[in-house]
Amino acid sequence: MRIERIDHVHVEVSDRDRAAQWYADVLGLVRSKDLAIWAEHPQGPLILQTPDGLPVVSLFARDAKPASRDATIAFRVSATDFLGFLDRIEHLELVRADGATLTRADVVDHDMAWSIYFVDPWGNRFEVTTYEYRIVQDAL
């Protein structure tokens, strides 16, 4: 067996519609029209995808509980998109896992990559990262 890629990640939220809007605003994800029928069932997933159709997140309506360990979903982006995300941070009003407001100062330099970590309103952990190190280094 040869795995091609991760298809999608299950994420538990208390309100799928509100979550879908949050993921659209923050990460640019959109509802999958092709897989929308699954969301008709109250326990089924609402599939979010990239604008070009790649499924990424399946939202399940559950009583969201804080993560018991560091289960972070990381999204790789270009340096341009990473810097654009940083420019939007204040407008997005994101928070870190400790509840503090996320700022540009929270960017982590991994020496080969840049990342920023935050949580959604249901406590799910996310990372936006880029491996275009030098471009971001020069911009910061």
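Numbers at a glance
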| quantity | calculated |
| --- | --- |
| Under 5 Å, built H, 5+ apart or other chain: amide partners of LEU29 | ALA24 |
| Angle in degrees between helix 16-27 and the longest Cα principal axis of the chain, rounded to the nearest 10 | 20 |
| Helix axis angle, 79-92 relative to the chain longest principal axis, alpha carbon, degrees | 70 |
| Residue-wise HN-Hα coupling along region 93-105, computed from phi with Karplus coefficients 6.51, -1.76, 1.60 (Hz; x: Gly, Pro) | 6, 7, 10, 7, 4, 8, x, 6, 5, 6, 10, 4, 5 |
| Integer Hz, Karplus 6.51/-1.76/1.60 couplings in order for region 54-59, x for Gly and Pro | 7, x, 10, 10, 10, 8 |
| Contour excess over end-to-end distance, with Cα ends at GLN43 and THR72 and 0.36 nm allotted per residue | 8.1 nm |
| Separation of alpha-carbon centers, region 1-55 and region 103-137, rounded to whole Å | 22 |
| Projected label distance in nm at ASP81 and TYR133, using a 7 Å step from Cα toward the beta-carbon | 2.1 |
| At 0.692 mPa s and 37 °C, Stokes diffusion of region 72-139 via Kirkwood alpha-carbon radius, µm² per second | 273 |
| Semi-axis lengths (Å, descending) of the ellipsoid that matches the C-alpha gyration tensor of the chain | 26, 18, 14 |
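All of the numbers you see were taken from the coordinates with simple rules; none came from a lab. Keep in mind it's a predicted model, so treat the numbers as computed, not measured. Here Cβ is always computed from backbone atoms with ideal geometry, including for glycine, and neighbour counts include all displayed protein chains.
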